[in-house]
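*Asks:* Below is one structure. I have some questions about it.
The values are calculated or read from the model by the stated rules, or taken from the named source; none is laboratory data. Just so it is clear, the model here is predicted, and its values are computed rather than measured. Counting neighbours? That spans all protein chains shown, and the Cβs are built from the backbone with ideal geometry, glycine included.
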Amino acid sequence: MGAQDTICALASGPPPSAIAIIRISGPAVAEVGKRFLASGLPEPKRASLTYIYDASGELIDQGIALHARAPHSYTGEDTLELYLHGGPAVIDHALRALTSVSGIRLAEPGEFTRRAFENGKLDLTEAEGVADIIEAETTAQKSQALRQLGGGLTEIYDTWREELTGALALIEVMIDFPDEGDVPEDTVRPILERLAKVIAEIETGLGDRGVGERIRDGFRIAIVGPPNAGKSSILNRLARREAAIVTDIAGTTRDIVEVRIILGGQVVWIADTAGLRETEDVVEAEGVRRARRAAAEADLRIHVIDGAAPSPPPGPIEAQDIVIFNKADARPAILPPDGALPVSAVTGEGIDTLESWIAGFVSQRAASVEAPVITRARHREKLAAGLASLVSAREALAQDIGAELAAEDVRMALRQLSSVIGKVDVEDVLGAVFSKFCIGK
Ligand SMILES: Nc1nc2c(c(=O)[nH]1)N(C=O)[C@@H](CNc1ccc(C(=O)N[C@@H](CCC(=O)O)C(=O)O)cc1)CN2
Ligand SMILES: Nc1nc2c(ncn2[C@@H]2O[C@H](COP(=O)(O)OP(=O)(O)OP(=O)(O)O)[C@@H](O)[C@H]2O)c(=O)[nH]1
Ligand SMILES: [Mg+2]
């Protein structure tokens, strides 16, 4: 598969649809225009209504053709889009005709955007933005994807890279003029200032409680409490279906049962967990371990108190957590603790309020970070690694002979940050080093 291949694919949804869009990218576009389009390849960026024929002269469809010429296209290559009637036979005929031309094959998933990346039309975070906008189901996900697609992250990383490239250039100067009078104080300060600025910004980004990732992948909520409290029944209420098994036997749920719902404009994963208790049963004990882990990892816990039985006090409760007093319909065995929401999974009482509390939490959490720097685990890993390198560079500079080590650490940080946006390139480091270097050397 070389860049000389021309790729084609259905770019619109599954047939039948009102209109089907077939996308073609690569050097064979001109030939397709000449051989298949009755009116030839249209002028770039001029939609043209035309008859479309296959190689044997049989009519495929009447449709609209739109051409963009390299490098002024989405992929950076010659492209052609055909807007056809969206029936399966039309699409099939068109794709068969196209792939029968030598040098034209069906595209692999993401290959158009991959070409756009390889041709420098998009960086990696922008390409991720393309993937995310197509997947987006909530407005919040869409806005976040659009920001990323529009270079929102690129800008941040470019600023950091510039700052660090500058710091690196100054460290190089230090290395080259190791003992010229009182250079150290004056030289080290601006380097430390640059490092401190980037370190502080990365720390802020990393300390966002995962808001960007949660907007993209969903917030995580765990339903926890003693056996038989009605956790699975609450889950089923929230899911509006019988997602989890409910019985009157304590210890029914063992595996985590997760359902995905939309609340407060956010994707929310609700996890039903095994009732927490000491048990000899190895299967249930594993369930309890998983329950504790799910509770610890969740953004919010719903602690369920069994109103119809004397319950042990709920496990560790964090400020944002919700405590519900279930079985409010039954004869109470205990008094609801202060702040606990009375609900009944059987009658549905209190479920609306529970939902609005959850909605309030996720929408507030989502709004707590204005423009998250991290939207996927990949970004977090690289940023954490980059931060560690920068902290190590700062420590190295505090020692007298640390300039070489610091330079190596900053280079490492630059590589880690650059890999997020897919620009691992030492040329820009060299350029900045030399541009700052013209002090007669
Ligand atoms: N018909 C159609 N609609 C579409 C797309 C597409 O490829 N085709 N897109 C694809 O996902 C999105 C829009 N994104 C696009 C981004 C860049 C270019 C493009 O041709 N860029 C050139 C020329 C820019 C210009 O003329 O102003 C370039 O960047 O050089 C096209 C679409 C959504 N809608
Ligand atoms: N009266 C009444 N019974 C309820 C209520 N919620 C649950 N139950 C009953 O309580 C029993 C246990 O319900 P589950 O939802 O399975 O409880 P659980 O907390 O998931 O239990 P484990 O999975 O064993 O930990 C079942 O018999 C339910 O029908 C409620 O609000 N009112
Ligand atoms: Mg259960």
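*Asks:* Hey, any hits in the range 261-270 for a residue that's surrounded by fewer than 17 Cβ atoms within 10 Å (Cβ to Cβ) and not in a strand (DSSP E or B)?
*Replies:* Yes: the range 261-270 contains one or more residues that are surrounded by fewer than 17 Cβ atoms within 10 Å (Cβ to Cβ) and not in a strand (DSSP E or B).
*Asks:* Among the residues of the range 311-357, count how many are among the β-branched types (Val, Ile, Thr), out of contact with any helix residue (DSSP H, G or I) (no Cβ under 8 Å at 6 or more places or on another chain) and closer than 30 Å to residue 209 by Cα.
*Replies:* Of the residues in that region, 3 qualify.
*Asks:* Moving to a separate point now. Can you tell me which residue in the range 247-283 is farthest from the chain's Cα centre (by Cα), limited to those that are of a type in the set (D, E, K, R) and near ligand 2 (Cβ under 9 Å from one of its atoms)?
*Replies:* Residues of the range 247-283 that are of a type in the set (D, E, K, R), as a first pass: 248, 254-255, 258, 260, 272, 277-278, 280-281.
Restricting the remaining residues to those that are near ligand 2 (Cβ under 9 Å from one of its atoms) gives 248, 254, 272, 277.
Numbers: 248: 41, 254: 30, 272: 25, 277: 36 Å.
Only one residue tops the list, namely 248.
Let's see how each residue does on (1) without any contact (Cβ under 8 Å) to a residue 40 or more places away in the chain; (2) closer than 28 Å to residue 219 by Cα; (3) out of contact with any His (no Cβ under 9 Å at 6 or more places or on another chain):
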| site | (1), (2), (3) |
| --- | --- |
| 301 | no, yes, yes |
| 304 | no, yes, yes |
| 308 | yes, no, yes |
| 322 | yes, yes, no |
| 327 | no, yes, yes |
| 333 | yes, no, yes |
| 339 | yes, yes, yes |
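*Asks:* OK, next. Considering 156, 171, 175, which residue is more than 24 Å from residue 363 (Cβ to Cβ), hydrophobic (A, V, I, L, M, F, W, C) and modelled with pLDDT of 95 or more? Walk me through how you get there before you give the answer.
*Replies:* On the way: 171 fails: modelled with pLDDT of 95 or more; 175 fails: modelled with pLDDT of 95 or more.
Of 156, 171, 175, the one residue that is more than 24 Å from residue 363 (Cβ to Cβ), hydrophobic (A, V, I, L, M, F, W, C) and modelled with pLDDT of 95 or more is 156.
*Asks:* Could I ask something else about it? From the residues in the range 289-310 that are surrounded by fewer than 21 Cβ atoms within 10 Å (Cβ to Cβ) and within 13 Å of ligand 2 (Cβ to nearest atom), which one is nearest to residue 252 (Cα to Cα)?
*Replies:* Taking the candidates together, the pick is 290.
*Asks:* Of the residues 392, 344, only one is surrounded by 16 or more Cβ atoms within 10 Å (Cβ to Cβ), over 28 Å from the mean Cα position of the chain (by Cα) and farther than 26 Å from residue 267 by Cα; which? First the steps, then the outcome.
*Replies:* Details: 344 fails: farther than 26 Å from residue 267 by Cα.
Within the list 392, 344, the selection yields 392.
*Asks:* Ok, one more. Evaluate the range 101-112: report whether one residue or more is more than 13 Å from residue 9 (Cα to Cα) and either within 16 Å of ligand 3 (Cβ to nearest atom) or of a type in the set (A, V, I, L, M) (or both).
*Replies:* Start the filter on the range 101-112 by keeping residues that are more than 13 Å from residue 9 (Cα to Cα), which leaves 101-103.
Next, from what is left, pick out any that are either within 16 Å of ligand 3 (Cβ to nearest atom) or of a type in the set (A, V, I, L, M) (or both): 101.
Taking every residue of the range 101-112 in turn, at least one turns out to be more than 13 Å from residue 9 (Cα to Cα) and either within 16 Å of ligand 3 (Cβ to nearest atom) or of a type in the set (A, V, I, L, M) (or both).
*Asks:* Quick one: would you say residue 23 is of a type outside the set (Ser, Thr, Tyr), closer than 28 Å to residue 124 by Cβ and away from ligand 1 (no atom under 14 Å from the Cβ)? Can you show your working first?
*Replies:* Numbers: of a type outside the set (Ser, Thr, Tyr): yes; closer than 28 Å to residue 124 by Cβ: yes; away from ligand 1 (no atom under 14 Å from the Cβ): no.
So residue 23 fails the test.
*Asks:* Can you tell me which residue is surrounded by the most Cβ atoms within 10 Å (Cβ to Cβ) among those in the range 42-76 that are part of a loop (DSSP other than H, G, I, E, B) and more than 16 Å from ligand 1 (Cβ to nearest atom)? Don't jump to the end; show me each part of the working.
*Replies:* We begin by selecting, within the range 42-76, every residue part of a loop (DSSP other than H, G, I, E, B); these are 42-43, 45-47, 54-58, 69-76.
Narrowing further to those that are more than 16 Å from ligand 1 (Cβ to nearest atom): 54-58.
Working: 54: 16, 55: 12, 56: 7, 57: 6, 58: 9.
Going through the qualifying residues, I end up with 54.
*Asks:* Does residue 410 meet the test of being modelled with pLDDT of 95 or more and either surrounded by fewer than 19 Cβ atoms within 10 Å (Cβ to Cβ) or within 18 Å of the chain's Cα centre (by Cα) (or both)? Walk me through how you get there before you give the answer.
*Replies:* Values: modelled with pLDDT of 95 or more: yes; either surrounded by fewer than 19 Cβ atoms within 10 Å (Cβ to Cβ) or within 18 Å of the chain's Cα centre (by Cα) (or both): no.
For residue 410, the condition - modelled with pLDDT of 95 or more and either surrounded by fewer than 19 Cβ atoms within 10 Å (Cβ to Cβ) or within 18 Å of the chain's Cα centre (by Cα) (or both) - is not met.
*Asks:* Let me ask something else about it. Scanning for something touching a residue at least 40 places away in the same chain (Cβ under 8 Å), surrounded by fewer than 16 Cβ atoms within 10 Å (Cβ to Cβ) and charged (D, E, K, R), does the range 90-107 turn up at least one residue?
*Replies:* Just the residues of the range 90-107 that are touching a residue at least 40 places away in the same chain (Cβ under 8 Å), to begin with: 90-91, 94-101, 103-107.
From the residues that got through so far, the ones that are surrounded by fewer than 16 Cβ atoms within 10 Å (Cβ to Cβ) too are 96, 99-100, 103, 106.
Imposing the further condition that a residue be charged (D, E, K, R) reduces the set to 96.
Looking for residues that are touching a residue at least 40 places away in the same chain (Cβ under 8 Å), surrounded by fewer than 16 Cβ atoms within 10 Å (Cβ to Cβ) and charged (D, E, K, R), one finds at least one in the range 90-107, hence yes.
*Asks:* Quick one: is residue 329 assigned by TED's automatic domain parsing to the domain that holds residue 255, over 28 Å from residue 265 (Cα atoms), within 14 Å of ligand 2 (Cβ to nearest atom) and surrounded by fewer than 20 Cβ atoms within 10 Å (Cβ to Cβ)? Before you say what the answer is, go through the steps one by one.
*Replies:* On the way: assigned by TED's automatic domain parsing to the domain that holds residue 255: yes; over 28 Å from residue 265 (Cα atoms): yes; within 14 Å of ligand 2 (Cβ to nearest atom): yes; surrounded by fewer than 20 Cβ atoms within 10 Å (Cβ to Cβ): yes.
So residue 329 fits the description; yes.
*Asks:* With the structure loaded, tell me whether residue 115 is in a helix (DSSP H, G or I), under 20 Å from residue 68 (Cβ atoms) and not hydrophobic (A, V, I, L, M, F, W, C) or whether it fails that test.
*Replies:* Values: in a helix (DSSP H, G or I): yes; under 20 Å from residue 68 (Cβ atoms): yes; not hydrophobic (A, V, I, L, M, F, W, C): yes.
For residue 115, the condition - in a helix (DSSP H, G or I), under 20 Å from residue 68 (Cβ atoms) and not hydrophobic (A, V, I, L, M, F, W, C) - is met.
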